[in-house]
1. Checking the structure you have, find out if any residue of segment 27-36 is part of a loop (DSSP other than H, G, I, E, B), in contact with a Leu (Cβ under 7 Å, 6 or more places away or on another chain), closer than 21 Å to Glu174 by Cβ and touching a residue at least 40 places away in the same chain (Cβ under 8 Å).
2. From the list Val245, Val221, Val195, exactly one residue is at pLDDT 90 or above, out of contact with any Cys (no Cβ under 9 Å at 6 or more places or on another chain) and surrounded by 18 or more Cβ atoms within 10 Å (Cβ to Cβ). Which is it?
3. If you take the residues in segment 180-189 that are farther than 24 Å from Gly45 by Cβ and hydrophobic (A, V, I, L, M, F, W, C), which one is surrounded by the most Cβ atoms within 10 Å (Cβ to Cβ)?
4. What about Val66, is it β-branched (Val, Ile, Thr) and touching a strand residue (DSSP E or B) at 6+ places or on another chain (Cβ under 9 Å)?
5. Taking interchain pairs and intrachain pairs at least six residues apart, which have beta carbon atoms under 7 angstrom, with the first residue in segment 209-222 and closer than 16 Å to Gly33 by Cα and the second assigned to a loop (DSSP other than H, G, I, E, B) and of a type in the set (S, T, N, Q)?
6. Looking at segment 34-43, can you tell me whether even one residue there is closer than 26 Å to Val133 by Cβ, crowded, with 22+ Cβ neighbours inside 10 Å and not β-branched (Val, Ile, Thr)?
7. Based on what the data block shows, is Ala31 surrounded by fewer than 22 Cβ atoms within 10 Å (Cβ to Cβ), under 26 Å from Met209 (Cβ atoms) and at pLDDT 95 or above?
Amino acid sequence: MSSLENVLEVENLAKAFGGVQAVNGVSLHVAPGERLALIGPNGAGKTTLFNCINGQLQPDAGRVRVLGADVTGSVPHRIWHRSVGRTFQIAATFMSMTVRENVQLALASSAGSTTSLGRRLGKQFRDEADTLVAMVGLGARADETAMELPYGDLKRLELAMAMANAPSLLLMDEPTAGMETNARSGMMDLVDAMVAERGVAVLFTEHDMDVVFGHADRVIVLDRGGLIADGNPDEIRADANVRAVYLGTFEVDGRAS
């Protein structure tokens, strides 16, 4: 598929650490409004691949294109300004700032006002921040500091911050990691709503297979740095190679034996 049809295109991406080939010739694409899950066993190369796409690591080979533009090797803040949002396995927020201020600061960064500090933001971007805070269900907690939030709400706050640049592509590294089981579905429901309302393309890693099979349109599987499968959830669940490498006896309800 051409870059005109995809938000993200990764072509033959490779990254090694010493003698270990963490990512080995991986190619993938994400279409507008598509939710693509990236799964695989520990050490498969998922986070390394994410970090190469997002600019935190420089790939040894290959190309990364966002909306047709080559961003290979760009630093994270330049990729952010290319309409790419990012959330992390461990929520990254400013703990001493309020919920609203965190989002205001993200909005200021998106607008190029990177010298603004939380205490100086005042009413700058306040309305836009309140809209994003309400979108993730934290409207009633907008004036609380991030350190007062339970971890599940921190992940929601981070999602609001990632949406501050109105991304065409959202990269989410284990979006439900550390969350209570009953909160995971609610988090992914928020992502689904954004996809439906804003047409955001989403690439996410996840270890909870209920989340993967319940919320992904398509699933790709990495093992030892290489892509071993690409298909819809039913195809991946039935793939004998994927089951042998990762899923084992995983069933629809997520139980394994």
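The values are calculated or read from the model by the stated rules, or taken from the named source; none is laboratory data. The structure presented is a predicted model; accordingly, all values stated were derived computationally and were not measured. All Cβ positions, even for glycine, are placed from backbone atoms using ideal geometry, and neighbour counts span all protein chains on display.
1. No: zero hits.
2. That would be Val221, the only listed residue that is at pLDDT 90 or above, out of contact with any Cys (no Cβ under 9 Å at 6 or more places or on another chain) and surrounded by 18 or more Cβ atoms within 10 Å (Cβ to Cβ).
3. Met187
4. When the stated conditions are applied, Val66 passes them.
5. Final answer for the pair search is Arg218/Asn232.
6. yes
7. Yes; evaluated as a whole, the condition is true for this residue.
Listed here are the residues, each with its yes/no results for (1) outside the structural domain of Phe17 (by TED's automatic domain parsing); (2) closer than 30 Å to Ala14 by Cα.
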{"site": "Asp127", "(1), (2)": "yes, no"}
{"site": "Ala134", "(1), (2)": "yes, no"}
{"site": "Leu138", "(1), (2)": "yes, no"}
{"site": "Thr176", "(1), (2)": "no, yes"}
{"site": "Met187", "(1), (2)": "no, no"}
{"site": "Leu203", "(1), (2)": "no, yes"}
{"site": "Glu206", "(1), (2)": "no, yes"}
{"site": "Arg218", "(1), (2)": "no, yes"}
{"site": "Ala229", "(1), (2)": "no, yes"}
